[in-house]
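Just so you know, all these numbers are worked out from the coordinates, no wet-lab data involved. Source: prediction; values computed, not measured. Neighbour counts run over all protein chains shown; Cβ positions are idealised from the backbone, glycine included.
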There are 4 protein chains.
Amino acid sequence: MAAAKTDHALERMVFFSDAVFAIAITLLVIELHAPELPRGSSDAAQLQALASLSPNLVGFGISFAVIGMFWMGHHRAFSLASHYSPRVLGWNLCLLGLIAFMPFVTAYLSSNIFQRVPAIFYCLVMLAAALLNLKVNRTATGPPMVDEHASPEAVAYVRQRGASVVLGSATAVALAFVMPAFCQAGLMSIPFWRRLLTWRGSRARA
Amino acid sequence: MAAAKTDHALERMVFFSDAVFAIAITLLVIELHAPELPRGSSDAAQLQALASLSPNLVGFGISFAVIGMFWMGHHRAFSLASHYSPRVLGWNLCLLGLIAFMPFVTAYLSSNIFQRVPAIFYCLVMLAAALLNLKVNRTATGPPMVDEHASPEAVAYVRQRGASVVLGSATAVALAFVMPAFCQAGLMSIPFWRRLLTWRGSRARA
Amino acid sequence: MAAAKTDHALERMVFFSDAVFAIAITLLVIELHAPELPRGSSDAAQLQALASLSPNLVGFGISFAVIGMFWMGHHRAFSLASHYSPRVLGWNLCLLGLIAFMPFVTAYLSSNIFQRVPAIFYCLVMLAAALLNLKVNRTATGPPMVDEHASPEAVAYVRQRGASVVLGSATAVALAFVMPAFCQAGLMSIPFWRRLLTWRGSRARA
Amino acid sequence: MAAAKTDHALERMVFFSDAVFAIAITLLVIELHAPELPRGSSDAAQLQALASLSPNLVGFGISFAVIGMFWMGHHRAFSLASHYSPRVLGWNLCLLGLIAFMPFVTAYLSSNIFQRVPAIFYCLVMLAAALLNLKVNRTATGPPMVDEHASPEAVAYVRQRGASVVLGSATAVALAFVMPAFCQAGLMSIPFWRRLLTWRGSRARA
């Protein structure tokens, strides 16, 4: 019974996290303001209006992918946990705070495209989220939270993935200083970092 | 234990999807702006204000029904699945991205009624969602995700329904080019397409 | 297994409903716009600004109570159900559509206080929700959905409560025609209607 | 079966509460409006714009922590409950109403920084939430709701924590009268009150 109760506490925390992720990812759309043209506008004017909204649309897409990526990591890490520990609660809440903050930084970046400060701000928030994500995922996949039957490979994968998101976000911060408009492209380096970490890991074990 | 854990991963993904569907469907209302008339306005003026809001109210109703329809399809498909597969995660996230995008396209269509570009844009988003929906539902009702006890008829029904939503959305896109104001009526062809597919299916089996 | 699957479908529908109720009830706050006074405003000016917002604050409170009341009825009805039936899905979705619509009608009423049309509109939406609520709760507490062990008293209570909410909403509609500012007071007649129905029920059984 | 049904009712109430907490905490971000500067603005202008937004950012952070704190208390209290009682429903709904109200009071405080009335208003709402929180948590950790295996220490901890949040909020109200800008600092007295209550409790037992 006692065990069932603590598992229930874990479930409720995971549920709360899921809800915040889901709300934040859906709230991104609130910052998109539909253009309203006078009746009888030409098709060209409408396409123009959509085109001038494209930074916002691209920003929506990228931030959706970013929050989705953090959610998938969270999902994968907690699928390996089966015990609750109050230790994870505070860190997880901080992570959720940054996730809930994403719609704001996305709107700020999209409304000030090609500028350095918003780009650095966006990437720093992402880096902070990546660090908290790593901390939360490490806690969830370590004792006392980890499931006894979780495969060590799965645990190693989750931790490597978390570390590569940190490295990818750091790359994005660096890019933001020199090429603000393309800072988010730094995230595309994540698979590269993951491969590097895997290679180093296998060499260390050999 | 391992099986229970993967089922848990499925449940959490379904839960996350439900949350995004629920938030998107409720956020539709945010794009409705309540008219504010000076104190002492006549009843006629109030009715006029409501009447001029009618495209938005109709748009709210239709998009509520559209998201509801996608949710019901998702609900039906996943009620036949009992195993988790990471393969479905990415496609499902893309589908949710388009669902979360619906409040924006609804607002865009409602504020630019009778215009061709917004109508085509709305219907294309719906078509893309229908295609992703078909992909997700096929994955959920196929191996390795499908429940061993799921009836083949139920699986066939889910897949046919998914295909007829695609055909109905394509009809809506076609209508948007010629009669932008009534493009959403294309969705009313869905039951027709379903009947056609059922008839073809039964002929093929005979 | 098959039974477990259909129960799961019921659970997921209940979950989706809960999420829509929770989002609608929380979105009410979005229509409250915080006054922003110049720095150094006097305390009196601040209190004045809050006072002029009081119709909106009262409207928020009442609509919170209204949605909460519908949620509690839903909660009570479905706690007596243990089987899923696709028959309830469509009605439930219509009910949720009206619940999601509440933030809009609340804002409309609060911004046009003392006017007849907004009051009638608000009360008609509430009446429609009450009728759908009655239909959904009757379906959930009747065969094939009702739990075999549900007490007949509990079922009768849920149905009587649903009926008295309909009568209370009808009273509110009638009040809206003659005293728009106090139409919501019609809801206070709900306990009276419930007592009347209980009395009639006990007389019929005697 | 009957027991399982009532546990289900408890679970659904907890779920609904979690959803409202999660939505309210994420909606805080909606009141943050991203600055939009003309293209080609200097880095200094951007930093200036961010700096002038800092009261709002700090307000977001503090209210996130406040709602998070209430959620953690709720989470801890209900992890000790295993039976449903309709008695808790109304109080819990009132608590959720105040939580859903937090985004509004946060926006009001942030837009009128250094002013007395908004500060007192914010702290009074927090105090009311703290009192309801105490009532709900006491109900959840008392008969008939409390789990038979819940440790008396855990129950005592939850109740003491609830009481110290009330005292901390009262301190914040008092501070709001004399130092409006720092009223929220009153919350920092919560650990102090907890220690005092623990010390008094241990002295009473000795």
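When D:VAL178 is represented by a point 7 angstrom out along its Cα-to-C-beta vector, the spacings to that point in the other copies are 5.6, 5.6, 7.9 nm, nearest first. Of all the Cα-Cα pairs you can form in the protein assembly as shown, what percent are over 38 Å apart? The answer is 43 percent, as a whole percent.
Across every pair of non-identical alpha carbons in segment D:38-133, the mean reciprocal distance, once inverted, gives a Kirkwood radius of 15.6 Å. Once backbone amide H atoms are built at 1.01 Å from N, D:ALA81 has D:ASP147 as its partners under 5 Å, excluding neighbours fewer than 5 places away on the same chain.
Shielding by partners for peptide C:145-153, expressed as the average number of C-beta atoms from other protein chains within 10 Å of each residue's C-beta, is 1. Each residue, C:HIS149 and C:LYS135, gets one label point 7 Å from its Cα in the Cβ direction; the gap between the two is 3.3 nm. Computed on chain A, with alpha-carbon pairs under 8 angstrom and 6+ residues apart, the relative contact order is 23 percent. Taking only the Cα atoms of segment D:2-205, the radius of gyration and Dmax are 19.6, 69 Å.
As a rough guide to protection, the peptides D:140-152, B:9-21, C:163-175, C:37-49 ranked by mean Cβ packing within 10 Å, highest first, stand as B:9-21, C:163-175, D:140-152, C:37-49. Between A:ARG205 and C:ASP7, the C-beta separation translates, for a Förster distance of 35 Å, into a calculated FRET efficiency of about 0.15. Rounded to the nearest 0.05, what FRET efficiency do B:LEU57 and C:ARG39 give with R0 = 30 Å and r taken as the Cβ-Cβ distance? Could you check? Efficiency computed from Cβ-Cβ geometry: 0.15. Computed from point charges on the beta carbon alone (+1 for Lys and Arg, -1 for Asp and Glu), the dipole magnitude for segment D:2-205 about its Cα centre is near 780 Debye. Screening chain D for DSSP H helices whose Cα atoms reach 24 Å or more along their own axis and whose mean Kyte hydropathy is at least -1.0 gives D:2-27, D:54-78, D:87-111, D:116-140, D:152-178.
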